[in-house]
Amino acid sequence: MPDPVAAARYHALLLAGLARAGAPAPEPGARILVVDTARQRLGLLEGGRLSFEAVISTAKNGLGCEENSYRTPTGWHRIHARVGAGAESGAVFRSRVATGEVWRGEPRDEDLILTRVLTLDGLEEGWNRGPGRDSLARFIYLHGTNQESQLGSPVSHGCVRLANAEVADLFERVAEGDLVLISGDSPGDDLAGDLGGGLGLGRLHFAGVAGSGMSALAQFVALKGGRASGSDRSFDRHQRPEARAQLEALGVAIHPQDGSGLEGDCAALVVSTAVEEEVPDLVAARRLGVPVIHRSELLAHLVARYRTVAVTGTSGKSTTVAMIFEILRGAGRDPSVVTGGELVALQREGRWGNAWAGASDLLVIEADESDGSVVRYHAAVGVILNLQRDHKEMGAVAEMFHAFRAQVRETAVVGESENLRGFAGGGTVFGFGSGAGFRGEALRLAPEGSCFSVQGVPFRLPVPGRHNAENALAALAACHALGVPLAAMVEPLARFQGVARRFQVLGTRRGVTVVDDFGHNPAKVAASIRAAHLRVGAAGGRVLAVFQPHGYGPLKFLRADFVESFAAELAPGDRLWFLEVFYAGGTAARDISSAEVVADLAARGVAAEHAPTREWLVDRLVAEAGPGDLILVMGARDPSLTDLAFTLLQGLSERELEDEFEGPPL
């Protein structure tokens, strides 16, 4: 099956070809064969979709149209004749005529023309058509070869060689009169093969570019010297100006989400699962024949190109990715990263935080199971952290993890949990238990971090919670699999700066600490509440939890699990407030409310309330919180939750000033 991302490159070459003086005007949806001489590949585009791709050999003497030059003629052609229909594979042709001979695989010094022949007629008068430079008169055609082992290298002269099975397949897909573009152009950035340069894909347009996954890819493309543009309805509403500025500073052009970004030199539209069919950019792509690539397809393309560490699991992916990246960077390996979380270390360097392009061949990514895209990735090192009920039933997720595990190119790093044993064969098992091969020992949990050792080497981790210690073990095991010595990982892990909204302490006012957290499924919520209890335990304070469900579907699916998690983890003195479900727009069924879950919690004896508005909640919490308490704001997808957490901190500051102004009673 062709790499769908390659469609972007072929389309970029096609757009460059259409700018030629002698270019035809193809009908919408026309079949067009594009010969990519730089990559020694051939692709068949049909209505923006790459339906066929093959490795070829051509241009041994370079590109040119002159008679007797033995060069490959560039520019526009059409298929003049299909020769050899029904012939046996290996049938030999001379001067476009079958000889009756069949090549059976025997060694031959002679370069044979085999199986099928597609003759080409130049369309550009004075370039590849006319006296002294006519492609048809020069006997330029596509054909099978007895030199299949040399495909992918420019060892053929003016013609285009294919494998015999592939030329027979292509023969059935095309018709006389179909357009053929032989391109010697670059689609606007560096050609494939140099990891330090561009991606060779032309301009990619990202619909929903402000999203965490999409923005990371757009930044990575730009950082690697490629061309990226994007649109987002939040930008159309004049929201998130800082995010827009970050993208534009890297050269990512922002368009209105009205389809205009698909015009001109757009090579492909990149979409996520959240982009619905009626989004104007997608409508425009269908109309214009622009290839549509899923975010995960582009990421899979990068995973295959680099020596990639891909981290999956139902909890802890972003934090583990960040740890691996910071360890590799601190150990001098200069990695790249593409992730959903925002690394504080990169933010402190003035970046968005979810993407960076290093100079080495190492790439660290987050492999998401929520949309099933984890099955696309062929990682060098595959990390499976855990398996819990989240977006899907565990059985369905386990099937995806099996596919992911089977595609790992070098080694797998797998957690020690019982339900992960089926993925551990031939890999490295990490954990604090006796069954782990990469084992942490002497674990000590503290309010602000933990300490443990691996193979006698002591490590210190500056973020709290057992779950983070387990994430750190996974990160150390992954880096060890890449050849990084344990001793070289000690300092980078000790300096780990964390991930935005992963138990991120925003400040303390009036003795009350405010923490911003991404916890959005039952397991993550439980881990965050446990970490909060570690922090307030010594002071005897309470956890005042705020939770905003990140979608109607997830809340409905996990309703009972959420109730169980909050009921089990919140202490008797703790309090919980549920905000209404986050709604990002679209067609999601709004068939459950936070108030219903609050009623379930109240029936379990949990001190929970439904917060009708954020203003009401801020007033309530500022009045409720006392010295030693910790306000834990949890939820995903909604960037404004961080604003809410800062508003709470500001409210506590104002209350502190009021208390100072009033002074002690007389």
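Every read-out reported here was derived from the displayed coordinates using simple, explicitly stated rules and does not represent laboratory data. Remember, predicted model here, so these are calculated numbers, not experimental data. Virtual Cβ from ideal backbone geometry, glycine too; neighbours counted across all protein chains shown.
Per-structure values
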read-out: Members of Lys224/Lys524; Lys224/Lys392; Lys392/Lys524 lying beyond 23 Å, as alpha-carbon distances in this model show; value: Lys224/Lys524; Lys224/Lys392
read-out: Prolate/oblate/rounded label for segment 252-330 (Cα gyration tensor, a/c 1.5); value: prolate
read-out: Inter-site label distance for His402 and Asp109 at 7 Å from Cα along Cβ, in nm; value: 5.5 nm
read-out: Residues Gln455 and Glu276, FRET efficiency given R0 of 60 Å [Cβ-Cβ distance, rounded to 0.05]; value: 0.75
read-out: Cα gyration tensor category, rounded, prolate or oblate, for segment 306-494 with a/c compared to 1.5; value: rounded
read-out: Most to least packed among 589-597, 475-483, 78-86 [average Cβ atoms within 10 Å]; value: 475-483, 78-86, 589-597
read-out: Rounded to 10°, Cα long-axis angle of helix 6-18 versus longest principal axis of the chain; value: 50 degrees
read-out: Net charge dipole size for segment 504-662 [Lys, Arg +1 and Asp, Glu -1 on Cβ; Debye, nearest 20]; value: 560 debye
read-out: Acute angle (nearest 10 degrees) that the helix 559-569 long axis makes with the longest principal axis of the chain, alpha-carbon atoms; value: 50 degrees
read-out: Ordering of 166-177, 312-323, 638-649 by burial proxy (mean other Cβ atoms within 10 Å per residue, highest first); value: 312-323, 638-649, 166-177
read-out: Electrostatic dipole magnitude of segment 6-183 [Cβ: Lys, Arg +1; Asp, Glu -1; Cα centre; debye, to 20]; value: 280 debye
read-out: Projected label distance in nm at Leu486 and Glu125, using a 7 Å step from Cα toward the beta-carbon; value: 7.8 nm
read-out: Percentage of interatomic Cα-Cα distances in segment 6-183 larger than 30 Å; value: 11 percent
read-out: Net +/- balance of residues flanking Glu124 in space, Cβ distance below 13 Å, scoring K and R +1, D and E -1; value: +1
read-out: With Cα atoms, 0 to 90° folded angle of helix 164-173 axis to the chain main axis; value: 90 degrees
read-out: Selection from Gln497, Gly541, Phe566 lying farthest towards where the dipole of the chain points positive, charges on Cβ; value: Gln497
read-out: Net lengthening on full extension, Ser360/Glu101 (0.36 nm per residue, minus Cα-Cα); value: 88.1 nm
read-out: Cα-centre dipole for the chain with unit charges at Cβ (Lys and Arg positive, Asp and Glu negative), debye to 20; value: 1060 debye
read-out: Gain in span if fully extended, Arg444 to Asp334, counting 0.36 nm per residue against the direct Cα distance; value: 36.5 nm
read-out: Inter-probe distance in nm under a simple model that places probes 7 Å from Cα toward Cβ, at Ala175 and Ala595; value: 6.2 nm
read-out: Read-out mean projected area of the Cα convex hull in nm², derived from the coordinates shown; its label in [x] 34.1; [y] 70.6; [z] 64.6; value: [x]
read-out: Antiparallel content of DSSP bridges confined to segment 6-183, in %, to 5; value: 75 percent
read-out: For segment 364-453, with +1 on Lys and Arg beta carbons and -1 on Asp and Glu, the positive-most of Val397, Val375, Gly422 along the dipole; value: Gly422
read-out: Alpha-carbon centroids, segment 48-87 and segment 501-580: separation in whole Å; value: 63 Å
read-out: Beta bridges by DSSP in segment 243-368, antiparallel share as percent, to the nearest 5; value: 15 percent
read-out: 5 angstrom amide H check on Ser336, placed H, neighbours 5+ away; value: Gly358, Leu362, Leu363, Val364
read-out: Ranked packing of 545-555, 620-630, most packed first, by mean Cβ within 10 Å; value: 545-555, 620-630
